[in-house]
Amino acid sequence: QRKFEVYPSGDTNFEIYEDDGLTTDYKEGKSATTMITSSAPKEGKGKAVIKAGLLTGDYEEIVNDRSTEFIVNVSEKPTDLALKIGNRNVSLKEAASLEEFEKGTNLYFYDETPNLNKYSTEGSE
């Protein structure tokens, strides 16, 4: 499974790099990348578009068939969501709970009270 946490604001992109994590085969080009892009208003309301590009490259024991989860940090519950896999539109259903979301597929869950301070250290705010 791949999991990405995104804070959409303006136009951004980043490339995910992966290899087998065990050998030096990456020196011979045995690796893969995925481009993630995001486009959203810098302020106020509007449409946010987040895209995961195709996995490019190859290495020993690469897992091509895996799920992808996006944690999209927004200030309000979205009114309209769409999912495309390749060129195919996929219906998304709202999960009633985090537990339902974690057990299902093609779902979304809006957390009204997310933990926005999960990376803090003891004694910090």
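Each reported figure results from applying straightforward, stated rules to the coordinates on display, with no laboratory input. This is a predicted model, so every value here is computed, not measured. Here Cβ is always computed from backbone atoms with ideal geometry, including for glycine, and neighbour counts include all displayed protein chains.
On alpha-carbon atoms, Rg over Rh for the range 51-112 using Kirkwood Rh?
Details: Rg = 14.1 Å, Rh = 13.9 Å.
Rg/Rh for the range 51-112 comes to 1.02.
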Which labelled figure in [x] 112; [y] 172; [z] 209 is volume of the Cα convex hull per residue in Å³, once derived from the coordinates: [y]
Nonlocal amide H pairs with R2, under 5 Å, H built at 1.01 Å: S67, T68, E69
Distance between modelled label sites at S124 and E94, nm, 7 Å Cα→Cβ extension: 3.4 nm
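Applying 1/(1 + (r/R0)^6) with R0 = 22 Å to the Cβ-Cβ distance of L116 and F14, what FRET efficiency is obtained, to the nearest 0.05? Before the final figure, lay out each step's value.
Details: r = 21 Å, r/R0 = 0.94.
FRET efficiency, L116 to F14: 0.60.
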Pairs of Lys in the range 2-108 closer than 20 Å at Cα, counting only those 8 or more apart or on different chains: 16
